[in-house]
1. Of the conditions (1) assigned to a loop (DSSP other than H, G, I, E, B); (2) open to solvent by less than 90 Å² (accessible area, probe 1.4 Å); (3) at pLDDT 95 or above, Gly87 satisfies every one except a single condition; which number is it?
2. Taking the range 31-78 as the region of interest, how many residues are in contact with a Gly (Cβ under 9 Å, 6 or more places away or on another chain), touching a residue at least 40 places away in the same chain (Cβ under 8 Å) and open to solvent by 70 Å² or more (accessible area, probe 1.4 Å)?
3. Specify the residue that is nearest to the chain's Cα centre (by Cα); the eligible residues are those in the range 1-18 that are among the small types (Gly, Ala, Ser) and part of a strand (DSSP E or B).
4. Mind checking which residues of the range 32-70 are of a type in the set (Ser, Thr, Tyr), closer than 12 Å to Ala12 by Cβ and part of a loop (DSSP other than H, G, I, E, B)?
5. Need the failing condition index for Thr24 against (1) open to solvent by less than 20 Å² (accessible area, probe 1.4 Å); (2) in contact (Cβ under 8 Å) with a residue 24 or more places away in the chain; (3) not small (Gly, Ala, Ser), just the number.
6. Quick check, is Ala67 under 10 Å from the mean Cα position of the chain (by Cα) and small (Gly, Ala, Ser)?
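The values are calculated or read from the model by the stated rules, or taken from the named source; none is laboratory data. Every value quoted in this text rests on a predicted model; they were computed, and no experiment measured them. Please note: Cβ atoms are built from the backbone with ideal geometry, for glycine as well, and neighbour counts cover all protein chains shown. Side chains included, ligands, DNA and RNA excluded: accessible areas come from the protein's heavy atoms. Shrake-Rupley method; radii C 1.70, N 1.55, O 1.52, S 1.80 Å.
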Amino acid sequence: MPRTFSPKVVTANALLEGDAVWLTEANTWTRDISEAELMTDEAHADLRLLEAQSRVDEIAGAYLADAKAGEAGPEPTHFRETFRTRGPSNYAHGKQVELS
């Protein structure tokens, strides 16, 4: 029996900075997952991923990540994605500086 599709967001890494980014409904990249487009339709998610993967001058490594609807917008459901929302882990820069 086919697996049930779970909600997804398109995520990648910004090409120049390396930051984790998420695709918004407005077709822009954001560094805040809560601004990402949460997709509940598998065909739509696959199409958005293909569109994102064609933007090689902006991002690298686009993929669909599981997410859920939260009070402020999409939230990650896997520890890897939660970790990516916090920024680099080797020392405080990027998102970690902003949180300090």
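1. Exception for Gly87: condition (3).
2. 1
3. The selected residue is Ala12.
4. Within the range 32-70, Ser54 is the sole residue that qualifies.
5. Here Thr24 clears every test but (2).
6. Yes; evaluated as a whole, the condition is true for this residue.
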